[in-house]
Structures are given as C-alpha cells and as structure tokens.
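I have placed the structure first, in the form of structure tokens, so that the comments after it can refer back to it.
The values are calculated or read from the model by the stated rules, or taken from the named source; none is laboratory data. These numbers were taken from a predicted model, which means no experiment stands behind them. Reconstructed Cβ throughout: ideal geometry from the backbone, glycine too, with neighbour counts over all protein chains shown. Keep in mind that these areas ignore ligands, DNA and RNA; they rest on the heavy atoms of the full protein, side chains included. Shrake-Rupley method; radii C 1.70, N 1.55, O 1.52, S 1.80 Å.
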Amino acid sequence: MTADARPTNTGPTNPVPSNPAPDAVGTSALKAPRASGKGWLVAALVVACLAVVGLTALTSYLWTVHEQYVAQNQELRDAARELGTDVAATRAALEEVQADLDETTAQLDVAKDTINGLANSEAQAGDDRLALIDVADGLQQCAEARQDLIDHLNESSRWTPESLAASERSITRYCDGVEDAYDEVVNG
Amino acid sequence: MTRVPAAAGFGVALVLALTGCGILPAAPSPAPTDFVPSPSQSPGEMTGALSPDGFSAAQRMSVRVRNIGCGFLATGSGFALDEHTLVTNKHVVDNAKIIEVSTYDGRVIQATAASTTTIADIAIVTTEEPLGTSYASRAEADPAEGDVITIVGYPSGGRLTTTSGVVLGTTTDPLAAAAGSVLASTAIVEPGSSGSAVFNAAGEVVGVVYAKNNSEQSFIVPISTLNALLDEPSLLVPDTEGCSS
C-alpha cells in the first residue's frame, strides 16, 4: 500500500463518513457490518468443515459397516450352503434308515406273528398231550376193566349172568366214551 | 454477535450427528457358530415305539391259563400283576388238579397256588418261576360309559389276540354270582377270553373279562373290585388242589 492510497480526514474525495460521529457509539456502529460478514464467513467455513468432517466420518463408518455386512453375508452364505449340504446328506441318510426301519419292522411283525403262532402251537400241543394222557389213562382203565371182566367170565360160575352182563354193559359204555374222547382229540 | 452463527452451526452439526447416529445401521453382530439342536422326541416315546421284542407291554403281561382237572381240560386267560402273581377268573381255575400258565413267547410255567373269592369271579394265582418283565398297572378308577377299551387274551384257547370295544355302562352280574355291579362292553370275547385284562387308552388295567352274552356283549369285573380284593387279602381264600367230586 502506497502513501497516496492512505485515507485522510480532509478532501472532498472521501465519501465516508459523510457525517462525523459525535461520539464513540457512532464509531462502533460504523465498524459492525465488516465484523458481521467475517463472522458469517467463519461460521460458514466452520460449518462446512464440520460437515465435511462429519460426512467423511459418516461415509467411512457406513463403508466399514457395509464391508462388515458384506463379509458376514458371505460368511453366512457359506455356512448356509454347508448346512444345506449337511441337511441334504442327513435327509438322505434318514430316508435310508427309515427304509431299513420299515423293512425291519415288517420283519419284526412277521417274527412276532411266528412267535405267536409257535406259542399257540406249543399250547395246543400241550393241550393235546394232556388230553391224550387223559385218554391213555382211560384206555388203560378200560383195558383193566375188560381184563377184570375176562377174569370174571373165566370164573362165571361164581357170578350170575345178569351181573356179568351188567358189568359188561358198564365197561363197554365206559370204553366207548374213552374211544369217543380219543377220536375227539385225534380228529378235533 | 460473531459467536452466534458459529454456535448455531456447531449446534446444528451436533444435532445432526446425534440424530444421525440414531438412524445409522449398527455393525453386524457376530454370526452364530454354536448350533445346539432342540431336543427331539425320543424314539422310545413315539407312537408305535418298539418294545424289547416287538410285543407290547399288554401282550407281554398276558398269559394263557390251562386248568387240568379231573377228566377235563379248560383254558382261560390272565395277566401278570408282578413277577410271580397273576390274575384270572375264579371259574377258570375251578376244580383244578394242575394249573399251567403259558406266556406270550411260549414258556410254560406251573402255578403253585390259587386263591379265589366269593364276591367276584376273580382268582389270584402264584407261580414259582417268574412270569416275565411286564406287569399290570392298575387304574385308580373304573372306566366311564363310552370309554374305549382294549382286551388282550387267548380267545378259544388259541392265539394271543387283541380286541377293542366301548364301555356300555354298569350293570348287574348276568350270572348273578358276583356282588356289586359289573361293566358291559361291546368288545367281542370268546370262551377262553375269561381272565383277560381290559386296558384303557393309557394302558392301565381297568377290569377283567369274565363273561359274555348272546348279544356279543362282554362283561367285565371292574378294576375297583380287583383293587378292593388286593387291598383286603382276607377276602381271598386259598383254593385246595384236587377235584371237588
């Protein structure tokens, strides 16, 4: 800045101030517009800087979070694919096991039926055995009775014909009953 | 006055920052790595679960009773109360010289003693050899009218058979031999079914089959009568072996 450019208090070329300030209050009022403009500028700069910093931080944060989500998404996809493969393999194995179980259950049903049938056969055989023992006892008594009758007939002089005939009828009736029981056991 | 815009700008930035944090997405939480399966139903608890040998508990506790009398042979059914005790009907073991018991798997066991009562067609038979591993769980109360019942026994002395029916209600003993009331049901039984256990839906014994009529209705000694007999042993009289006539 040169000496010619320095402002002076005299001369008609100086347009400001047109009226001298009567006191200090007037002097201050004259300086306010310049200070207010700088303040707004500073404020705008501060706000702009803060905005830039904030946006940078926000962008950085969002980018970081985005990267983390992308990474975890990939991780979860990999895990889901692996689990899906495992589930598919497990389901296939389960189907095989189920098929084996169905087959085994069917075999078990057959085995149960066979056991039931064998137990029944055993029981029926036991019944038949006991019935045959009973019939055998009856046949033995029949044979003994007939032997007694023969002995009596051999000594018929000691017995009346009526008593011998009655004895024969009784023995025959008993033996017929035993034979019927035998037929029932054998023929069912 | 110069501080006002700066303060306002700072305030706006602060408000934006604070409110912005509230709507910003949070970082992802760690992916789960410890997958613990929720417990599934045990195969042993599933419907149709297999028993050790494929037979149900009701089938395993059921026995075929053979009464070898003097000049006759009769069969009936029964069920195990415990390892050496079974329940059957009094008329199944009447006039027995020998009582034999056959299990579902074909084992034949000799009975050692039998006790009967006059208040119901019930007999308690004991054995020396163990009857098996499955025993009756007795219900506390009698079945109600309309309840579904299952009967397991040896009709006609044949194969182990399971039949189902519905309780028709209580009635008086059609044979006029038992004290108190009995139950009638639609389950079809045959001679030889006498002494069969009657099960409810829970698998508990709720009665003992003892008779049928021409309308294909079966008659059942209710579990309350059996429970009363077992709670009062003095009501049971030992049966003497041998033939009454």
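Considering the stretch B:54-71, the residues that are over 20 Å from B:Thr150 (Cα atoms) and more than 8 Å from every other protein chain (Cβ to nearest Cβ) include one that is modelled with the highest pLDDT, namely B:Asn67. Could you go through the stretch B:72-87 and let me know if any residue there is part of a strand (DSSP E or B), within 30 Å of A:Gln107 (Cβ to Cβ) and within 10 Å of chain A (Cβ to nearest Cβ). Within the stretch B:72-87, none of the residues are part of a strand (DSSP E or B), within 30 Å of A:Gln107 (Cβ to Cβ) and within 10 Å of chain A (Cβ to nearest Cβ).
Yes/no per residue for (1) at pLDDT 95 or above; (2) among the β-branched types (Val, Ile, Thr); (3) under 12 Å from B:Ala80 (Cα atoms):
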site: B:Gly106; (1), (2), (3): no, no, no
site: B:Thr112; (1), (2), (3): no, yes, no
site: B:Ser115; (1), (2), (3): no, no, no
site: B:Gly132; (1), (2), (3): no, no, yes
site: B:Val148; (1), (2), (3): yes, yes, no
site: B:Gly157; (1), (2), (3): no, no, no
site: B:Gly165; (1), (2), (3): yes, no, no
site: B:Ala176; (1), (2), (3): no, no, no
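Table: residues versus (1) touching a Ser or Thr at 6+ places or on another chain (Cβ under 6 Å); (2) facing another protein chain (nearest Cβ under 8 Å); (3) at pLDDT below 95; (4) open to solvent by 70 Å² or more (accessible area, probe 1.4 Å).
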position: A:Ala80; (1), (2), (3), (4): no, no, yes, no
position: A:Glu96; (1), (2), (3), (4): no, no, no, yes
position: A:Gln107; (1), (2), (3), (4): no, no, yes, yes
position: A:Lys112; (1), (2), (3), (4): no, yes, yes, no
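Cβ-Cβ contacts under 7 Å between residues 6 or more apart (or on different chains), taken from a first residue in the stretch B:115-141 that is closer than 15 Å to B:Val63 by Cα to a second residue that is of a type in the set (A, V, I, L, M) and modelled with pLDDT under 90, are listed as B:Ile124/B:Leu236. Counting only residues that are under 17 Å from B:Ala177 (Cα atoms) and of a type in the set (S, T, N, Q), which one in the stretch B:201-223 is surrounded by the fewest Cβ atoms within 10 Å (Cβ to Cβ)? Per the criteria, the residue is B:Asn213. Within the stretch B:27-42, residues that are facing another protein chain (nearest Cβ under 9 Å) reach partners that are hydrophobic (A, V, I, L, M, F, W, C) and surrounded by 10 or more Cβ atoms within 10 Å (Cβ to Cβ) with beta carbons closer than 6 Å, at six or more positions or on different chains, in the pairs B:Ala27/A:Val65; B:Ala31/A:Leu76. Kindly indicate whether B:Asp142 is in contact with a strand residue (DSSP E or B) (Cβ under 7 Å, 6 or more places away or on another chain), part of a loop (DSSP other than H, G, I, E, B) and open to solvent by less than 50 Å² (accessible area, probe 1.4 Å). Answer is no for this residue. Scanning the stretch A:43-73 for residues that are more than 8 Å from chain B (Cβ to nearest Cβ) and more than 26 Å from B:Ile23 (Cβ to Cβ) yields one hit, A:Leu45. Sort out which residues of the stretch B:88-114 are of a type in the set (Ser, Thr, Tyr) and within 14 Å of chain A (Cβ to nearest Cβ), and write them in order of number. Hits for the stretch B:88-114 are B:Ser102, B:Thr103, B:Tyr104.
Would you confirm whether any residue within the stretch A:81-102 is more than 22 Å from the chain's Cα centre (by Cα) and within 23 Å of B:Ala31 (Cβ to Cβ)?
Taking the stretch A:81-102 as the starting set, the residues that turn out to be more than 22 Å from the chain's Cα centre (by Cα) are none.
Within the stretch A:81-102, not a single residue is more than 22 Å from the chain's Cα centre (by Cα) and within 23 Å of B:Ala31 (Cβ to Cβ).
Looking only at residues of the stretch B:187-200 that are under 19 Å from the mean Cα position of the chain (by Cα) and not hydrophobic (A, V, I, L, M, F, W, C), we find that the one that is surrounded by the fewest Cβ atoms within 10 Å (Cβ to Cβ) is B:Asn200.
The residues listed here are A:Asp134, A:Asp151; of these, the one that is open to solvent by 50 Å² or more (accessible area, probe 1.4 Å), in a helix (DSSP H, G or I), within 14 Å of another protein chain (Cβ to nearest Cβ) and more than 30 Å from B:Gln59 (Cβ to Cβ) is A:Asp134.
Quick grid of which residues meet (1) touching a residue at least 40 places away in the same chain (Cβ under 8 Å); (2) open to solvent by 50 Å² or more (accessible area, probe 1.4 Å); (3) touching a His at 6+ places or on another chain (Cβ under 9 Å):
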{"site": "B:Val152", "(1), (2), (3)": "yes, no, no"}
{"site": "B:Gly157", "(1), (2), (3)": "yes, no, no"}
{"site": "B:Thr162", "(1), (2), (3)": "yes, yes, no"}
{"site": "B:Ala177", "(1), (2), (3)": "yes, yes, yes"}
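Please indicate, with yes or no, whether at least one residue in the stretch B:124-131 is of a type outside the set (A, V, I, L, M, F, W, C) and within 14 Å of chain A (Cβ to nearest Cβ). So that I can check it myself, show each step before the final result.
Going residue by residue through the stretch B:124-131, those that are of a type outside the set (A, V, I, L, M, F, W, C) are B:126-130.
When the remaining residues are screened for being within 14 Å of chain A (Cβ to nearest Cβ), the result is none.
For the stretch B:124-131, residues of a type outside the set (A, V, I, L, M, F, W, C) and within 14 Å of chain A (Cβ to nearest Cβ): absent.
If I filter the stretch B:119-128 down to residues being farther than 25 Å from B:Ser51 by Cβ and in a strand (DSSP E or B), which single residue comes out as least open to solvent (accessible area, probe 1.4 Å)?
At the first step, the residues of the stretch B:119-128 found to be farther than 25 Å from B:Ser51 by Cβ are B:119-124, B:126, B:128.
Checking the rest, the ones that are also in a strand (DSSP E or B) come to B:123-124, B:126.
Values: B:Ala123: 0, B:Ile124: 19, B:Thr126: 47 Å².
Out of the qualifying residues, it is B:Ala123.
Checked against (1) in a loop (DSSP other than H, G, I, E, B); (2) within 25 Å of B:Cys70 (Cβ to Cβ), B:Leu131 meets all criteria but (2). Residues in the stretch B:133-163 that are within 14 Å of chain A (Cβ to nearest Cβ) and among the small types (Gly, Ala, Ser): B:Gly153, B:Ser156, B:Gly157, B:Gly158.
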